[in-house]
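Each remark here refers to the structure printed beneath this line.
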């Protein structure tokens with residue numbers, strides 16, 4: 001076993017850190033929390049200008065999953081808003097994997113410029129975890145398809161140019177076998193986008209499709225082969241591309257605050273033995289999440305899609321983040337209830353924010369239950385329970 | 001970067017995995033209770049050269065890395081083998097650093113151990129392997145000392161049937177003093193934590209294996225209980241915790257083998273310091289072994305609570321092997337000093 005990074009990997013990491021340091025201003029972080037759009041065109045552009053987007057997309061450029069992990073991991077550790085760019089990179093990976101040459105030429109340059117975003121249209125008002133039960137219909141009409149239905153949780157849908165759309169093309173076969181994936185422009189006639197505001201500040205959307213006509217060239221993968229495309233997208237989503245390092249900035253924010261805040265007896269909070277123990281426990285969980293993510297990336301680098309390892313690290317990191325958020329809320333007391341902008345807020349408001357944001361992490365990208373089903377069935381070999 | 005075993009490491013895995021599977025059935029573990037030591041098993045392990053594995057080749061040892069030793073330790077844990085492998089190899093590496101290894105210790109004819117904590121009056125309390133070791137190495141004030149005396153051969157009655165005993169510091173030979181002593185002892189303590197972490201990973205793996213066999217066999221409501229989602233989700237947490245525990249223990253061993261100063265950075269989540277990683281691995285694997293044995297025992301139902309089933313053997317050792325080093329909260333607080341700086345003096 002060897003956990004050392006190569007000189008090339010270290011250099012790449014330092015370059016990402018430099019971009020984060022030079023580009024991420026307090027204004028960008030603040031804008032994320034006032035606008036609810038967790039995306040920074042400034043950071044996206046800086047990454048694109050350095051060639052790092054192309055370099056790290058799976059299946060493109062260098063295609064080194066360790067670099068992809070580093071890119072998102074480093075940005076996540078400094079609380080950079082990366083939801084927009086991570087979805088764009090994930091879809092760039094999907095297009096590179098299963099898209100036609102024409103689609104790759106049409107879409108990849110846009111995504112790799114960092115200027116164009118993509119939304120994910122999987123869930124619907126009536127289908128969430130049972131995503132293969134999607135009911136949004138796509139019906140063939142010559143060289144075109146006519147799409148009718150609705151999608152939920154289409155985050156970035158109000159600023160994205162494209163949406164990856166999971167549709168039902170055959171209702172007469174088992175549900176996994178009648179799905180087809182499209183990547184379509186969001187400005188087509190018949191598409192409407194409605195805001196859905198969340199407790200965690202981030203704005204998401206409901207999108208509606210009313211006789212939307214799209215050319216067949218917007219289809220990704222085979223007709224009725226949408227589930228396979230979904231598998232590729234999920235393998236990228238869980239683990240390697242962010243979402244496993246939330247505990248790092250949380251600990252860092254809390255530590256900075258606890259070093260100056262005083263308890264009722266005038267002692268620094270950070271000197272309280274119970275506070276110290278909890279902070280160490282969070283640091284250990286952060287290290288474990290980092291190692292598990294690294295291993296998922298490492299396996300991907302060997303040529304696999306890290307589906308199961310991704311499920312495992314997703315469960316671990318999101319549970320650990322929620323636990324850390326609860327601990328720090330409790331330790332901060334009333335100051336942990338105050339929001340960004342309040343001078344007396346614990347950790348400038350991060351403790352309060354993480355308490356609002358953390359619940360969603362065990363829901364999106366595959367709930368804890370769905371991922372545990374995967375582990376039970378595919379890793380432990382237990383019978384299907386559904 | 002290489003997050004899998006090398007060919008050499010795989011060979012060690014096969015040799016010792018096979019050894020403990022064949023030579024250490026749980027019947028032997030049970031027969032070795034309450035002392036928790038099987039002299040025959042230790043002798044057969046000695047024939048494989050295990051006691052001297054971690055010694056330098058110059059001293060007639062195997063020159064094994066900490067990573068190699070951790071692979072063996074994991075199999076000690078998987079079989080909950082009643083042999084003081086972890087203590088002996090740790091003590092020998094420490095004695096070797098001080099030029100104090102005897103042939104009898106190298107050959108495993110005599111056993112050595114490390115007293116992990118400070119002296120209370122004139123003895124080290126509850127030294128791991130203290131009941132069977134003739135040489136105990138530990139700190140007395142600012143001195144690193146070795147005490148050679150007869151092994152008591154019996155242990156106070158204890159939860160995990162471990163061969164622990166109080167050991168007197170009378171007749172101590174000073175091996176090193178001051179900063180050199182503290183430095184050498186800190187490395188040894190971190191090595192003990194790293195190897196015990198690997199053994200605890202082994203315990204957790206076996207606990208999961210036992211659970212899987214049982215939930216596939218045991219039928220209730222006309223189906224195997226492993227088909228129930230409530231049971232599945234309790235068990236699904238275990239390979240997740242084990243993946244992390246195995247990686248963290250392996251990283252600690254890797255850091256120990258590097259022998260270069262490492263980092264402890266919380267802000268960048270960049271931790272390469274050996275003593276910090278050893279303590280982190282020890283704490284996390286302790287929790288993992290506790291969780292795995294809790295869950296495994298629970299899904300065994302009433303049978304898990306009976307002496308007849310093996311899970312109780314693992315359950316007790318998961319706690320014993322970790323808690324013998326002291327209060328985990330205390331370990332966290334010393335890690336906190338490295339991570340967050342020392343506690344401010346109250347004026």
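The values are calculated or read from the model by the stated rules, or taken from the named source; none is laboratory data. Since the structure is predicted, the reported quantities are computational estimates derived from the model, not experimental observations. Cβ coordinates were reconstructed from backbone atoms using ideal geometry, including for glycine residues, and neighbour counts include every protein chain displayed.
List of remarks:
- Counting residues in region B:218-229 that are in contact (Cβ under 8 Å) with a residue 12 or more places away in the chain, touching a strand residue (DSSP E or B) at 6+ places or on another chain (Cβ under 8 Å) and assigned to a loop (DSSP other than H, G, I, E, B) gives one or more.
- Single residue of A:153, A:162 found to be at pLDDT 95 or above, under 30 Å from residue A:29 (Cα atoms) and in contact with a helix residue (DSSP H, G or I) (Cβ under 8 Å, 6 or more places away or on another chain): A:162
- Applying the criterion of being touching a helix residue (DSSP H, G or I) at 6+ places or on another chain (Cβ under 9 Å) and outside any strand (DSSP E or B) to the residues of region B:142-162, the residue that is farthest from residue B:316 (Cα to Cα) is B:142.
- Condition check for residue A:257 on (1) farther than 21 Å from residue A:322 by Cα; (2) within 14 Å of chain B (Cβ to nearest Cβ); (3) crowded, with 20+ Cβ neighbours inside 10 Å: one failure, at (1).
- Residues within region B:242-276 that are touching a strand residue (DSSP E or B) at 6+ places or on another chain (Cβ under 6 Å) and more than 8 Å from every other protein chain (Cβ to nearest Cβ), tallied: 4
So that you can scan it fast, the table gives a plain yes or no per residue for (1) at pLDDT 95 or above; (2) part of a loop (DSSP other than H, G, I, E, B); (3) more than 14 Å from every other protein chain (Cβ to nearest Cβ):
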residue	(1), (2), (3)
B:18	yes, no, yes
B:34	yes, yes, yes
B:43	yes, no, yes
B:51	no, yes, yes
B:70	yes, no, no
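- Within the set A:340, A:328, the sole residue that is surrounded by fewer than 19 Cβ atoms within 10 Å (Cβ to Cβ) and in contact with a helix residue (DSSP H, G or I) (Cβ under 6 Å, 6 or more places away or on another chain) turns out to be A:340.
- Flag if residue A:329 is more than 8 Å from chain B (Cβ to nearest Cβ), over 18 Å from residue A:375 (Cα atoms) and over 23 Å from the mean Cα position of the chain (by Cα): yes
- Among the conditions (1) surrounded by fewer than 24 Cβ atoms within 10 Å (Cβ to Cβ); (2) within 26 Å of residue B:257 (Cα to Cα), the only one that residue B:91 does not satisfy is (1).
- Summed over region A:369-386, residues that are crowded, with 20+ Cβ neighbours inside 10 Å and in a helix (DSSP H, G or I) total 6.
Per-residue answers, yes or no, for (1) in contact with a strand residue (DSSP E or B) (Cβ under 6 Å, 6 or more places away or on another chain); (2) touching a residue at least 60 places away in the same chain (Cβ under 8 Å); (3) surrounded by 17 or more Cβ atoms within 10 Å (Cβ to Cβ); (4) in a helix (DSSP H, G or I):
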site: B:291; (1), (2), (3), (4): no, yes, yes, yes
site: B:296; (1), (2), (3), (4): no, yes, yes, yes
site: B:318; (1), (2), (3), (4): no, yes, yes, yes
site: B:330; (1), (2), (3), (4): no, no, no, yes
site: B:337; (1), (2), (3), (4): no, no, no, yes
site: B:344; (1), (2), (3), (4): yes, no, no, no
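- Condition broken by residue B:287, with the remaining ones in (1) within 8 Å of chain A (Cβ to nearest Cβ); (2) surrounded by fewer than 24 Cβ atoms within 10 Å (Cβ to Cβ) satisfied: (1)
- Filter result for the condition that a residue is within 9 Å of chain B (Cβ to nearest Cβ) and buried (at least 18 other Cβ atoms within 10 Å of the Cβ), over A:280, A:351: A:280
- Scanning region B:85-109 for residues that are closer than 21 Å to residue B:189 by Cα, in a loop (DSSP other than H, G, I, E, B) and in contact with a helix residue (DSSP H, G or I) (Cβ under 8 Å, 6 or more places away or on another chain) gives B:98, B:101, B:108.
- Taken over region A:358-386, the criterion of being over 23 Å from residue A:233 (Cβ atoms) and within 13 Å of chain B (Cβ to nearest Cβ) is satisfied by A:380, A:381, A:382, A:383, A:385.
- Taken as a whole, the structure places residue A:304 among residues that are outside any helix (DSSP H, G or I), at pLDDT below 95, more than 7 Å from every other protein chain (Cβ to nearest Cβ) and within 22 Å of the chain's Cα centre (by Cα).
- Residue tally, condition surrounded by 16 or more Cβ atoms within 10 Å (Cβ to Cβ) and under 22 Å from residue A:203 (Cβ atoms), over region A:1-28: 2
- Qualifying residue in region A:64-81 (condition: closer than 20 Å to residue A:299 by Cβ, free of Cβ contacts under 8 Å to residues at least 40 places away in the same chain and crowded, with 21+ Cβ neighbours inside 10 Å): no
- Complete set of residues in region B:226-241 that are surrounded by fewer than 20 Cβ atoms within 10 Å (Cβ to Cβ) and either out of contact with any helix residue (DSSP H, G or I) (no Cβ under 9 Å at 6 or more places or on another chain) or more than 8 Å from every other protein chain (Cβ to nearest Cβ) (or both): B:230
Here's the yes/no breakdown for (1) surrounded by fewer than 18 Cβ atoms within 10 Å (Cβ to Cβ); (2) touching a helix residue (DSSP H, G or I) at 6+ places or on another chain (Cβ under 9 Å):
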site	(1), (2)
B:7	yes, no
B:23	yes, yes
B:36	no, yes
B:46	yes, no
B:68	no, yes
B:77	no, yes
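- Residue match in region A:78-86 (condition: over 16 Å from the mean Cα position of the chain (by Cα) and either in a helix (DSSP H, G or I) or not assigned by TED's automatic domain parsing to the domain that holds residue A:18 (or both)): no
- Set A:288, A:240: member being crowded, with 24+ Cβ neighbours inside 10 Å, modelled with pLDDT of 95 or more and under 24 Å from residue B:270 (Cα atoms): A:288
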